[in-house]
Structure formats: structure tokens, C-alpha cells
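Peer 1: I'd like to ask you about the structure that follows.
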């Protein structure tokens, strides 16, 4: 794992998150490993890698918190609120990082996942693959646009 990238990303996220929410992004570097080859495969500036990893971390932790929403769990309400806050923080952070196209691309997948989870289906999502597909699509779009000019 690229420790500098991971640490820079966590530092940025903690600075952006509301202290009042009291949420710690307790994600290990190993849990970010699926996204690293994706970031390396695409020609991205360092700041964009930080932003994309940040979005990935937020989505991963939000999903984890919602997956911990088990009836009669002592932290049920906290997990629901944390997950909901993180999904809204994801949108706020993505807008600030100017990743609106990514938000639009991810919206159907996130909505489908939320619906499945509300129905008790906790299938694993491959968010890194979704990011890769988005970046491929983005590159193709840029290529078409530059050819048209």
C-alpha cells in the first residue's frame, strides 16, 4: 500500500468531516488495496488519486456501518446515523473535489446496494471495479472529445 497516499487521504478526510459527527474512519490500508491498481493503471495526478481514494474510503466505511445495522444491536442507531452521515459526506466531498461525473456514475450502484441491504441482502460490492470502469469510460469520452476538436 502506498502509505503516503493513504495517510494524505485520511488527513484530508478528517479535516473535511464534521467533528460533531464523531466518526473515525477506521479503515485499514489493506482494505484500500483493491483501488490501488486502479489508480496506478490510469494516468492520474496525485491530488486526484487522493480525492478518488477519499471517495472510496467514505463509501466503504458508510457501507460497513450500514452492514452493521442488525436489529437489537446496541449500536444500531449509531450505525444507521453514521452510515447516513457518511453517504451525505460522500456527496459533499465529491462535489468539492469536482467529481460530479463519478457521483452520477456511482448513483445507480449505490442505490441498488442500499435497496438490497434494506431487504437483508448483504452481497459484497466491488467498488474498485466500478471506479475502474468509470475511469475507462471517462478516458474514452475525453478521447472522443479531443478527436472531435
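Peer 1: May I ask for the angle, rounded to the nearest 10°, between helix 100-118 and the longest principal axis of the chain, with both axes built from Cα atoms and the value confined to 0 to 90°?
Peer 2: In the chain, helix 100-118 runs at an angle near 30 degrees to the longest axis.
Peer 1: At a 10 Å Cβ-Cβ cut-off, how would you order 42, 51, fewest neighbours first?
Peer 2: On the way: 42 17, 51 21.
Ranking 42, 51 by Cβ neighbours within 10 Å, fewest first, gives 42, 51.
Peer 1: So I have (1) 28, 18, 14; (2) 55, 14, 11; (3) 36, 15, 12, and one of them is semi-axes √(5λ) of the Cα gyration tensor in Å calculated from this model. Which one is it?
Peer 2: Recomputing semi-axes √(5λ) of the Cα gyration tensor in Å here picks out (1).
Peer 1: What do you get for the angle between helix 3-16 and the principal long axis of the chain? Use alpha-carbon atoms, 0 to 90 degrees, nearest ten.
Peer 2: Tilt of helix 3-16: around 60 degrees.
Peer 1: Run the numbers on the chain and let me know its relative contact order in percent, using alpha-carbon pairs under 8 Å that are six or more apart. Let's see the in-between values first.
Peer 2: Numbers: 96 pairs, mean separation 35.4, N = 149.
The normalised contact order for the chain reaches 24 percent.
Peer 1: Next up: Taking 22 Å as R0, compute the FRET efficiency from the Cβ-Cβ separation of residue 48 and residue 133 and round it to 0.05. Before the final figure, lay out the partial values.
Peer 2: Working: r = 17 Å, r/R0 = 0.75.
E(calc), rounded to 0.05, equals 0.85.
Peer 1: Could you work out how far helix 46-67 tilts from the main Cα principal axis of the chain, as a 0 to 90 degree angle to the nearest 10?
Peer 2: 30 degrees
Peer 1: Mind sorting 103, 95 by how few other Cβ atoms lie within 10 Å of their own Cβ, fewest first? Provide the component values of the computation, followed by the final result.
Peer 2: Details: 103 16, 95 11.
With the fewest neighbours first, 103, 95 line up as 95, 103.
Quick note: the coordinates plus some simple rules give every number you see, no bench work behind them. Predicted model only: the values in this text are computed from it and were never measured. Positions of Cβ are generated from backbone atoms using ideal geometry, with glycine treated the same way; all protein chains shown enter the neighbour counts.
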